[in-house]
Amino acid sequence: MPEIYIDGQAGTTGLEIVSRLSARKDIHLILIDEDKRKDEAERRKCMNAADLVFLCLPDAAAIEAVTLIENPHTKVIDASTAHRCDPQWAYGFSELGEAFLNAIRTSMRVANPGCHATGFISIVYPLIQLGILSPADTITAYSLTGYSGGGKKMIAQYEAGHDEALLAPRLYGLSLTHKHLPEMKKVCHLQKDPLFCPVVDDYYRGMATSVMLEADAAQVHAALTKFYQKGLVHVHPFGDESNISANAMAGRDDLELVVCGRKEQTIVTALFDNLGKGACGAAIQNMNIMLGLDPYAGLSLTER
């Protein structure tokens, strides 16, 4: 039975992965005593005893944690941004094609995608591959997320309920240097950074990432439907959606693409859970693939 260790068990992502994996009968969790969570020797011991390690840490800590792993058989999934553009790490988005799936399956090191990047890439990557978009295009997008995406500090701010400014959507990343931009650009093979604006709002979990295109909506829908024939990305039936709720996929681990618009102008929206396909669900899916388990074991999926 595979031994799994989570370095960073007390954070938002780490806590949810622990909770989900605790119910599994096909893996065994290595748990560290709370008073030893920052003990380097104990962490090293746990990591090297594991078949697979999740890194649920800030970037610098994730880079440092990798150096503690001496066991050549220990596989790693990093949930931080630290290794997402590193060519020695597989990018953990299997639905993008067989090359991505095979890289995850055979790699010792997998970088889990960022939440905003997941929505953006799910739309832009296939449209570039199918010739509807060009790598030279300037891509404009915005992404609405629940406040759990900001981690324990932001969760505490929202749930304290003392700041009226938190009751309305808040735009951020306005310097256009959001930390997910490098992976968006690299994975999609874009020649320049997207024009991307993230937004956080007063609800706990769920995301809606939208990309605006000068393209025929029916053609875009057909292309995305052709691209996503299997996996956890699904294309909603084509039609004029009057409204879309950003938390429509909360609590689930798949992702739904909704295409709206008309001739020459299209909006494509990726709906998913920032803690599901945007973080923990994707990490567990990648673990399953790396260990040769049922890829969808332990995931909460929409009935279709």
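Of everything in segment 202-230 that is of a type in the set (D, E, K, R) and closer than 19 Å to residue 301 by Cα, the residue that is nearest to the chain's Cα centre (by Cα) is 205. The set of residues in segment 22-56 being loosely packed, with under 13 Cβ neighbours inside 10 Å, more than 22 Å from residue 109 (Cα to Cα) and not hydrophobic (A, V, I, L, M, F, W, C) consists of 22, 25, 33, 34, 35, 38. Scanning segment 1-26 for residues that are out of contact with any Leu (no Cβ under 6 Å at 6 or more places or on another chain), at pLDDT 95 or above, of a type in the set (A, V, I, L, M) and not in a helix (DSSP H, G or I) yields one hit, 6. A single member of 179, 185 is outside the structural domain of residue 80 (by TED's automatic domain parsing), in a loop (DSSP other than H, G, I, E, B) and on the phi < 0 side of the Ramachandran plot, and it is 179. Can you find a residue in segment 5-16 that is under 23 Å from the mean Cα position of the chain (by Cα), buried (at least 22 other Cβ atoms within 10 Å of the Cβ), outside the structural domain of residue 227 (by TED's automatic domain parsing) and among the charged types (D, E, K, R)? Yes, because at least one residue in segment 5-16 is under 23 Å from the mean Cα position of the chain (by Cα), buried (at least 22 other Cβ atoms within 10 Å of the Cβ), outside the structural domain of residue 227 (by TED's automatic domain parsing) and among the charged types (D, E, K, R).
Sub-7 Å Cβ pairs linking a first residue in segment 37-57 that is assigned by TED's automatic domain parsing to the domain that holds residue 89 to a second residue that is of a type in the set (D, E, K, R) and in a helix (DSSP H, G or I), at least 6 apart or interchain, are 42/36, ordered by first then second residue. For residue 181, the conditions (1) closer than 16 Å to residue 278 by Cα; (2) touching a helix residue (DSSP H, G or I) at 6+ places or on another chain (Cβ under 7 Å) are fulfilled apart from (2).
So in segment 105-114, with the set limited to residues that are in contact with a His (Cβ under 8 Å, 6 or more places away or on another chain) and surrounded by 23 or more Cβ atoms within 10 Å (Cβ to Cβ), which one is farthest from residue 145 (Cα to Cα)? Give the steps one after another, and end with the answer.
First pass over segment 105-114, keeping only residues in contact with a His (Cβ under 8 Å, 6 or more places away or on another chain): 109, 111, 114.
Still in the list and also surrounded by 23 or more Cβ atoms within 10 Å (Cβ to Cβ): 111, 114.
On the way: 111: 21, 114: 12 Å.
Looking at residues that are in contact with a His (Cβ under 8 Å, 6 or more places away or on another chain) and surrounded by 23 or more Cβ atoms within 10 Å (Cβ to Cβ), I get 111.
I'm checking my understanding of the structure. Among residues of segment 83-104 that are free of Cβ contacts under 8 Å to residues at least 40 places away in the same chain, among the small types (Gly, Ala, Ser) and assigned to a helix (DSSP H, G or I), which one is surrounded by the fewest Cβ atoms within 10 Å (Cβ to Cβ)? Across segment 83-104, the extreme among qualifying residues is 99. Yes or no: residue 61 within 23 Å of residue 30 (Cα to Cα) and surrounded by 18 or more Cβ atoms within 10 Å (Cβ to Cβ)? No.
The criterion of at least 2 residues that are of a type outside the set (Ser, Thr, Tyr) and modelled with pLDDT under 95 is met, among strands (runs of 3 or more DSSP E) falling completely within segment 213-285, by 255-262. Screening residue 199 on (1) of a type in the set (A, V, I, L, M); (2) more than 16 Å from the chain's Cα centre (by Cα); (3) closer than 30 Å to residue 162 by Cβ; (4) part of a loop (DSSP other than H, G, I, E, B) shows it passes everything except condition (4).
One residue stands out among those in segment 108-151 that are in contact (Cβ under 8 Å) with a residue 60 or more places away in the chain and over 18 Å from the mean Cα position of the chain (by Cα): the one that is nearest to residue 163 (Cα to Cα), which is 140. Summed over segment 153-174, residues that are surrounded by 12 or more Cβ atoms within 10 Å (Cβ to Cβ) and at pLDDT below 90 total 5.
The values are calculated or read from the model by the stated rules, or taken from the named source; none is laboratory data. Source: prediction; values computed, not measured. Every residue, glycine as well, gets a Cβ built from its backbone with ideal geometry; the counts of neighbours run over all protein chains shown.
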